[in-house]
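Trainee: Once you've had a glance at the structure underneath, I'll fire off some questions.
The values are calculated or read from the model by the stated rules, or taken from the named source; none is laboratory data. As the structure is a prediction and not an experimental result, all values here were calculated from the model. These accessible areas exclude ligands, DNA and RNA; they are computed on the full protein's heavy atoms, side chains included. Shrake-Rupley method; radii C 1.70, N 1.55, O 1.52, S 1.80 Å.
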Amino acid sequence: MYIKSLKLMNYRNYENLVIDFNENINLIVGSNGQGKTNIVESITLMSIGRSFRTNKDRELIKFGEKNLYSSCYFNRNGLDKKIEVVITKEKKGIKVNGVSIKSIHDLLGNLNVVVFSPEDLKLVKDGPKERRAFLDKEISQIMPRYYNLLTSYNKIINQRNKLLKSGIIDKNLLDVYDENLINFGSEIYIIRCEFIEKISKIANRLHRSLTSNRENLKITYKSQIDLSEKTDIFNIKKELWNKYKENRDSDIFNRNTKIGPHKDDLGIFINDIDVRFYGSQGQQRTASISLKLSEIELIKQEIGDYPVLILDDVFSELDQDRQKMLVEKLKDIQMFVTSADPFHINILDSDDYSVFHIDAGKVVGIENGGK
Ligand SMILES: Nc1ncnc2c1ncn2[C@@H]1O[C@H](COP(=O)(O)OP(=O)(O)OP(=O)(O)O)[C@@H](O)[C@H]1O
Ligand SMILES: [Mg+2]
């Protein structure tokens, strides 16, 4: 899919902006603080209904203004579509093809966007919490149902922990919580296992090409429950049931729920060595890129069209070889690349690109090029 045009009114430092994008590579350049990230941020607003930088919608309204409007025309699976967002100090309204939507679920899955920023280069090095957040976000993109399951599961974990913390233990209520956790949790396990299996294959293909076939990357699901047997919902439920029983006394003592998908992690191996602990910096970064970008291929497999890719400030962090390899690999994908340092960006021998020069919330120059 690709975004044809974008319109912003009173969005951050843009009073009025209309841009026609290139179907392939869009390079957004300018000095620090001019509004490069603001443009790509507005694209995520139209994709998932919120910014990837903040949860506070009103921060997006231009200083001194009461509301903002943003819209984009895009093409998905050959069909033209339009998304519009209006944010006032009190509320947010979203329209898809001119029709107001009732919930964010109706927006998800229209405009698929993968955002890659410098934090993602730390995905392998970071703690389990960041990797779980990655996993949950990526699965929700292709499966809004997973997002619902997770919300329900987290609600019950919070209630259970609150009960444990209160010190007054109602065992019947704990039983009810455990039963609900088992029901939601087992479905989460199944979906995660399937997702990780798929992503592991794709990430390995990417990783091999980024390392000239020298390294194999393997992603596994790290959990306290045994998922080694072919995953079967009945087995997982049984296993969870036993674990909750086994750990109940220690949960009561520690006032916390120790077992469940909210504690799990990803295992990341290069040539069978745990790259989190034994990998070099470069290996960790490359594995992060492969893992993150595998989402692109997976979305294509699931929905039949490539998502749009945003590389915010990340391209100039890569060496020339990896930049070349990425542009080569991602040539069927519309890309938005922001950089304050365009001389480090080696896309200028690609087939088709546009460069947008940004200065103080305005496009002050456009160059089109390509072979
Ligand atoms: N609500 C707002 N109203 C007006 N201006 C805003 C608002 N929020 C942020 N800005 C301005 O937007 C600019 C930052 O934009 P942005 O983050 O897109 O910069 P950038 O070009 O990506 O910079 P860098 O190269 O440092 O990443 C700042 O000048 C900031 O003052
Ligand atoms: Mg920026």
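Trainee: Keeping every protein chain present and rolling a 1.4 Å probe, give me the accessible area per residue for the chain in Å².
Mentor: I get 49 Å² per residue for the chain.
Trainee: Quantify, in whole percent, the carbon and sulfur part of the accessible surface of the chain (1.4 Å probe; protein heavy atoms only). Please list the in-between numbers first.
Mentor: Numbers: 8740 of 18120 Å².
Percent of accessible area from carbon and sulfur atoms in the chain: 48.
Trainee: Å³ per residue of the Cα convex hull, for segment 294-338?
Mentor: Numbers: hull volume 3.0 nm³, N = 45.
It is 68 Å³ per residue.
Trainee: Cα centroids of segment 234-313 and segment 55-91: how far apart, whole angstrom?
Mentor: One Cα centre to the other: 32 Å.
Trainee: Considering only DSSP beta bridges with both partners in the chain, what is the antiparallel share in %, to the nearest 5?
Mentor: 70 percent
Trainee: I've got another one for you. Show which lysines lie in cross-link reach of LYS165 when reach means a straight Cα distance below 23 angstrom and same-chain residues fewer than eight apart are skipped.
Mentor: Candidates past the 8-residue exclusion: LYS129, LYS155, LYS243, LYS245, LYS258, LYS263.
Trainee: When all alpha-carbon pairs of the chain are counted, what percent fall beyond 32 Å?
Mentor: For the chain, the fraction of Cα-Cα distances above 32 Å is 40 percent.
Trainee: How high is the relative contact order of segment 119-304, in percent, with contacts defined as C-alpha pairs under 8 Å that are six or more residues apart?
Mentor: 33 percent
Trainee: Which residue fluctuates most in the GNM of the chain (Cα springs below 10 Å): LYS91, LYS237, LYS62?
Mentor: LYS91
Trainee: Angle, helix 281-303 long axis vs. longest principal axis of the chain, Cα atoms, 0 to 90°, nearest 10?
Mentor: That helix lies at roughly 90 degrees to the long axis.
Trainee: I need the P(r) histogram for segment 216-371: all alpha carbon pairs, bin width 5 Å from 0 out to the longest distance, whole percents.
Mentor: It works out to 1, 7, 12, 13, 13, 13, 11, 8, 7, 6, 5, 3, 1, 0, in whole percents.
Trainee: Which whole-number percent is the relative contact order of the chain (Cα, under 8 Å, 6+ apart)?
Mentor: That works out to 25 percent.
Trainee: Please work out the Kirkwood hydrodynamic radius for segment 73-131, using every pair of different C-alpha atoms, and report it in angstroms with one decimal place.
Mentor: 14.3 Å
Trainee: When all alpha-carbon pairs of segment 119-304 are counted, what percent fall beyond 25 Å? Spell out each step's value before the answer.
Mentor: Numbers: 6855 of 17205 pairs.
That fraction is 40 percent.
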